[in-house]
Amino acid sequence: MDIQMQQSNTKLAVADSVFGAEYNEALIHQVVTAYMNGGRAGTKAQKTKGEVSGGGKKPWKQKGTGQARAGSIRSPLWRGGGKTFAAVPRDFSQKVNKKMYRGAIRSIVSELNRQGHLLVAENFTVDAAKTKSLVEKLGQYGANDILVVTGEVDKNLYLSARNLPHVAVCDVEALNPVALLRHQKVLMTADAVKKLEAWLS
């Protein structure tokens, strides 16, 4: 299949298996969930009554005081006591094999192409790290919320986009399913398309 290049009359030949794959919502949901869970710190921690300092001595005798029985001043019922169901550090990561991950990326890219949200340009660079230059260049493509994918890391492009809340820049190696779904449009350079095709084929 062919993809029309932006601001050019030429077309870029791409593999049907990568840019014309079937949309698999269940697979995309599973991979996106796993990817986002992998970014969770899981460091939340609280102390039980056995971990809170103090409370070694019984506050008063068991019977005869008229008070309720108490074995420790660090009971969850007491101020300064431990938590009843204390949170412990945990690992939220989920295993996703390479075949599933690549299949999800392939499915997302194909759907973006079908809906006309995937734009391809011969190259996309800015002369200096200036936000204004990037905004003017993106205006030519009529997109405010966009992900720019390049073949190699472009420092000027990254620094120019850093201050724009709805614009992101990454290279093919840093591409992930969440970034592809987060923006309305995805602009890829011809070099990035070929690298992505080689990775997903």
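What follows is calculated from the coordinates using simple rules that are stated; it is not laboratory data. Keep in mind the model is a prediction, meaning the values are calculated, not measured. So basically every Cβ, Gly included, is an ideal-geometry build from the backbone, and we count neighbours across all protein chains shown.
Loop-only check: which trypsin sites (Lys or Arg not before Pro) in the range 136-201 are DSSP coil with at most 15 other Cβ within 10 angstrom? Hits after loop and neighbour filter: Arg162. For the chain, the 222 nm mean residue ellipticity estimated from helices alone, with every DSSP H stretch of n ≥ 4 adding -39500 (n - 2.57) and the total spread over all residues, rounds to -10000 deg cm²/dmol. Put +1 on the Cβ of each Lys and Arg and -1 on the Cβ of each Asp and Glu in the range 50-201; which of Ala121, Ser110, Ala70 then has its Cα farthest toward the positive end of the dipole? It is Ala70, whose Cα lies furthest towards the positive end. Candidate values (1) 55, 21, 12; (2) 26, 20, 14; (3) 48, 24, 14 were compared with semi-axes √(5λ) of the Cα gyration tensor in Å computed on the shown model; the agreeing label is (1). Using Cβ point charges alone (K and R +1, D and E -1), the dipole size of the chain about the Cα centre works out to roughly 2440 debye. In plain terms, the chain is cut at each of the chymotrypsin sites (Phe, Trp or Tyr not before Pro) found in a DSSP loop with at most 14 other Cβ atoms within 10 Å, and the longest leftover piece is 93-201. Computed as a quarter of the hull surface, the mean projected area of the alpha carbon convex hull for the range 45-88 stands at 3.2 nm².
Taking a straight Cα-Cα cut-off under 17 Å and skipping sequence neighbours fewer than 8 places away in the same chain, the aspartates and glutamates within cross-link reach of Lys132 are Asp145, Asp154. Measuring nothing but how far apart in sequence close Cα pairs (under 8 Å, 6+ apart) lie, relative to its length, the range 45-88 scores a relative contact order of 53 percent. Of the GluC sites (Glu not before Pro) found in the range 16-120, the ones in coil according to DSSP and having at most 16 other Cβ atoms within 10 Å of their Cβ are Glu22, Glu51. Look at the alpha carbon pairs under 8 Å that are at least 6 residues apart: their mean separation over the length of the range 40-164 gives a relative contact order of 22 percent.
For a straight C-alpha distance cut-off of 16 angstrom, the lysines reachable from Lys57 (same-chain residues fewer than eight places away being disregarded) are Lys49. The range 140-201: which GluC sites (Glu not before Pro) are DSSP loop and have at most 13 other beta-carbon atoms within 10 angstrom? For GluC sites (Glu not before Pro) across the range 140-201 that sit outside H, G, I, E and B with at most 13 neighbouring Cβ atoms in 10 Å, the list reads Glu152.
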